[in-house]
Structures are given as structure tokens and as C-alpha cells.
Amino acid sequence: MTAKSVATLVNLLGFVTGAALYAMLLAMVLRQPQQAKNKTLLVLPNNKLLLITALLGFFWNVGAVAIYGIPDLGMEKTFPFLVVASFTTLGFLPSVVVHLVLRSEQTLKSFWIAIIAYLVSSVAGLIHFYVAAIGGAVPSHIALHILTIGFAFLIVALLFSTRGQLGWQRAFWVVSLAVFAVSALHLSHHDAESYPWWIEMSGHHASLPLVVAILYQDYRFAFADIFLKRTISLVLLVIIVFGAYISVAPLLTIRNSNNEPEPLAIGLLLGLWVTTTLFYPKLRQGVIWFVDRVILKRVNYDDLRAEITRSIARLETPEEILLEVCQKLTPALTARKIDWFIEDNSLSGHHTLTMLFPTTETPSYYLAIGELKGGRRLLSDDLEMLEAVVLMVARRIDVVRVTHDRCKISLREQEISKLATEAELTTLRAQLNPHFLFNALTTLGYLIQTSPDKAFETLMRLTGLLRGVLRRSAGEFATIGEEIELIKAYLDIEKTRFEERLQIKIVCPKDLEGIRIPSLLLQPLVENAIKHAITPAKDGGEVFVKIEKVLSNLEATEQIKIIVQDRGMGVSEFDLARGRKKGVGLANIERRLKCHYSDQAIMKINSEVGLGTTVEIILPFAADILTTELRANRG
């Protein structure tokens, strides 16, 4: 194969590749939604600039096939007007690229650089048409020199004007324009001579770096997915096949005695073909990994799923979970926006994809993926990742809903139980008032008959006592000191009745008088002692009340022990059980302790005939704290 045939083949391949790339750019621009006009000095919006660039580049590469490819293949020369139109198009291509480079700049300097670029291209185009009109050789060398010199100076101006852009972006654009300047210089000295293929490549195909720069800048995902992966794979395949062919080519020239190729060489060649065919899928996978991870820096989806799993495990509402997922997926898919919506709502805007979270219960949620940046498309691995994520999120939402439902049921049951307890306590407190009043009036009636003077004095004490009882029963808790004052007032009344037959002893440390206990807890116990122990005995008896702090044997925690003891007649176990079943006072106390303290409070009654009865109540030492919390919850 001669140098000229290689150059011809490279030319055709380069122009066809350029036409394909600009056609890809044209498709990307036409598919992209229209944008509002930029309010800048460079008034054309980006999509219009890209559309002009795509059309110019495509027309140049198609025209170049006719200008250089067809004559090199031995066909007739093309019309001069086609040459002029193609080279004029090529001259305007870098001007539009300069405009694209400066589109993010908002200065007057950028505006004048773009204007100068268009003027250089316009002057070159007019010279081409003038030379063609007077019958001169086209393309015009003068016009190509103007392009070379003009854009060489513009490259320097761009370097100063784009100082704020990233370094690699500036380098990309500058190198592309520099290649174009070199290309124009080469074309101005191209007089149908046969140059080496690499010179032809750099001289005739300056539009290729420009379109690659544009595609990578604005549509890098589409460029990589559609073109770059296939191109790299095919180039590597050609290199491997070419290398394998060179390695076995000497063997193919060996002939046997019958002047036939050696079967070993033919078998080796066939083996290399089969090996290459089997190796190509692995090669393709390696290229895809390289483009995705190194060039595009795509996220590792296994790591992304693990990160989403960890982040949503800490959230407790569907709204928080969905918002977190959208925030994680947006940069991973390079989307402009990813949002969620409920089935009965509609989300406005253009959506690349909408997916349902398959929850077991309504309402259903949807994931709306907006426009993707860089011309990205959702590939099979993207869709696989999204399907896994929406399923995982749906399961998490189901778990959250079940947990919330259980919590609601538990709270409802607690509320019902609390209301039932409060109602029961209200009833129990209401039982104490008439029960106490009946016993007090009985005592007063006895005194009226036996001692009218003492009856009046006792009536005054009873009035004060009833006020205290009503005040205590209005609240659920009272201090031990308040309870002791109440039973002292009650015992003063009873002392009037029994005189020397009733002996009283109360022992309580001062530091315990501030502890809060259920109200009217001591008075019914003292009343029972007088009723069942002192009243029946001819000589009366003694009532002993003791309150102390003790240490629990099982849990080594502090407790309050209340002891009400009488040295009266006592009862048998049978009579005690029957009395507890029929009586109001003790049953009332037991039930109230159960409501307030559950199993933390203990009440024990021991009685022996002839020795007396002892009632012992053990309460948690933190009773006052429990009371405060209870009141706060009910307030």
C-alpha cells in the first residue's frame, strides 16, 4: 500500500468520522429542550450556538469528502462553488467555537473577541468567493493565511480572557484552535501533493478536535457512551488483530512441496481469529470500565447502594427517606434535578424517567428523574441500579410505616389505660369521702349523747378535718408530713371518744416528711386499727405508726416502709381474708397502689388472735419523682 493510498484512506476515514461526530452533536442539540435567552453581551443562547456549530462542521466534512476524497479515488473534480462554500464553512467554524468558549464570560472584552473572530472568518470567506468569481484557484491561499494569523492572535486573547475557567478546559479549547490554525496553514500550501498520512490527518481534519472538545464539554456522557467506547474498543481490536497478523505473516509465506500453505500456519491463523473473537467481550468490558471510571468518573453503584442503605436506615419518615434518596441520586446520575411525588399529585417539568416505589400500602410514591447533564443517557446498569434502589427504599418505607403503626397502637393503648386508671382513681377517692364522713359522724353522734360539751368541740375539729380530707382527696398525692397531720387530727377526735383506752405513737424522721405518697393512704389504715382493734377491746389498745427508709434486699435500692400496727384482739387468717374481701378501706388502698406503682409497691397484712394486726406498705423511694412525671404527662 502506497503513501498516497494511505493518505487517501485516512482522509476519507477522518472526514466520515467528522461527519458522524457533528451529526451526533446535531442530534444532541435537537433533542435538548430549548433554553431561555441569556441576558448577556453574547446574546445567542447555547443551544443555538451548538446548532450552528453542528451544521457548519457537518457541512464541511461532507463537502471535504467531495473535495479531497472523490478526486483521490480517480473521479472528476468538484465544482469550484462547492470548494468555496466548504472552505467558507470551515472558516466560520472556529469563530463559533470562540463564541462558545466565551459564552460564560460577561465582559465587553469577551464581546469584542467574538466579534473579531467573526470578522476574520467573514473576510476569509469573501476572499474565497472573490477568487472564485475571477476564475482563480480555490481555496484562496490568502484567505487561509488570514485564518491562520487571525486565530493565532485570538488564541492569545482567549488565554487572557478565560483566566477564570478550569485549566484543562482552557487547554482543550486552545489546543483545538491551534490545530485549526495549523490546518489552515497546511491547506494554504496544499497543491495536490501527496503528504504522509499523519500530515494529512493534522492538516485536513482540524474540525475533529473542535467537535471532540464541544462534545466532551457539553455532551461528554453521550459522546463517551455512543462514540468513545465503541471507537476505543475497535481501535484496540484493530491493533491486536494487526499485531497478531504481523506475528504470523512470515508463517503464511511458507509453502510445502506442493506449493500450498502449511496447515500449521492456517490453523494458527484460524486460532488467532477465534481467540480474538472470544477476547473481544472482555476487551469491551475493560474499555467501558476505563471510560466510566477514569474519563467520566461515574459513581460505583455498589458503593452508592450501600451508602443509601446506611443513610435511610437512620430516618424515620417516608418524606425524609425520599428526600435523602433524591439528594444521593442527583450527583450520581448527573441530573439537573431528581424529585419525588405522591400518586395524587403531578410534578411539572420534563422527566427523563419516572419510577414507582412498590410499597405495600398507599399512598404510593414516584421518583421523577429530570434532564441529565452532558447529554447522558440512562444505560442498562443505570436502570438496574435505580430498580434496586426503588425496591430497597420501598421496603424501608414499609418498615417505617409498620413501626409507626405499632407506635400509634401502643400510644393509643397507653392513653386508654391512663384514662381508665384516672377514672378508677377518681372512683376510689370518691369512696373514701363518704366512708370517712360516716365514721366521723358516728363518733360525733356518740359524743352528743355522752358529752354535749365535747361534742361541740369535736364538731369544730371535725369541720377542720373534713376540709383537710377534701383538700387531700382533690389531688392524687400528698407529702408524708401532710398525711401525718391529717391522721393526728383524726386521732384527736377519736381520743375524745376513747379517752385513756386509746394510746397513739407516731414515728417519722423529719427528712422523710417531704416525700410524696398517695393521698389518704394512712388515715384508712389508722381508722381500721381503731375500728377492729380498739373498739371491741374493753381496755382499749395502742395504735403505732412508723415510717422509715429501708434498703431493698433484691435490688439494693432505697424504699419507704409504712407500718400501722395495733395491739388489739387480732383475727384469724380466714376472718382476715373475708374482711379484706368485703371491706372498702384496704381494698381501696391496694387498688390505688396498683394503679400508681404497678408491681413496685407491696402491701402485707399480718394478724394474730390476741396479739394484734400489722399492716406494712413498701413504696419506691422515688415516689415523689414519679408523681412529678405523672402530673407533667397529664397536664
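Values in this text are rule-based calculations from the coordinates and carry no lab data. Just so you know, these numbers come straight off a predicted model, no measurement behind them. All Cβ positions, even for glycine, are placed from backbone atoms using ideal geometry, and neighbour counts span all protein chains on display.
Values computed for the structure shown
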| quantity | calculated |
| --- | --- |
| Nearest-0.05 FRET efficiency for Arg377 and Ser122, computed from C-beta distance (R0 45 Å) | 0.75 |
| Under-5 Å amide H pairs with Leu353, H placed in peptide plane, nonlocal only | Ile369 |
| Protection proxy ranking, peptides 11-22, 123-134, 505-516, average beta carbon neighbours within 10 Å, highest first | 11-22, 123-134, 505-516 |
| Long-range amide H partners of Gln503 with built H, under 5 Å | Gly541, Glu542, Val543 |
| Cα-Cα P(r), the stretch 268-345, percent of pairs per 5 Å interval | 3, 12, 14, 15, 13, 10, 9, 7, 6, 5, 3, 2, 1, 0 |
| Distance (nanometres) between label positions extended 7 Å along Cα→Cβ at Ala537 and Leu159 | 11.7 |
| Extension reserve of the Val274-Ile246 stretch, reckoned as 0.36 nm per residue once the Cα distance is removed | 8.4 nm |
| Phi-based couplings in Hz for the stretch 331-339 (Karplus 6.51, -1.76, 1.60; Gly and Pro marked x) | x, 5, 9, 6, 8, 5, 6, 10, 9 |
| Val241, Val62 arranged by Cβ crowding within 10 Å, fewest neighbours leading | Val241, Val62 |
| Residue exposure sequence - Asp303, Asp599 - by fewest surrounding Cβ within 10 Å | Asp599, Asp303 |
| 5 angstrom amide H check on Phe477, placed H, neighbours 5+ away | Ser519 |
| Computed lengthening from Ala152 to Asp511, 0.36 nm per intervening residue step minus Cα-Cα distance | 119.5 nm |
| Chain lengthening between Leu459 and Phe111 when straightened (0.36 nm per residue, less Cα-Cα) | 114.6 nm |
| Spin-label model distance (nm) - Arg406 vs Leu264, 7 Å beyond Cα toward Cβ | 7.5 |
| Ascending count of other beta-carbon atoms within 10 Å, so fewest first, for Ile240, Ile602 | Ile602, Ile240 |
| Computed FRET value (nearest 0.05) for Arg501 with Arg578, which takes r as the C-beta separation and R₀ as 25 Å | 0.40 |
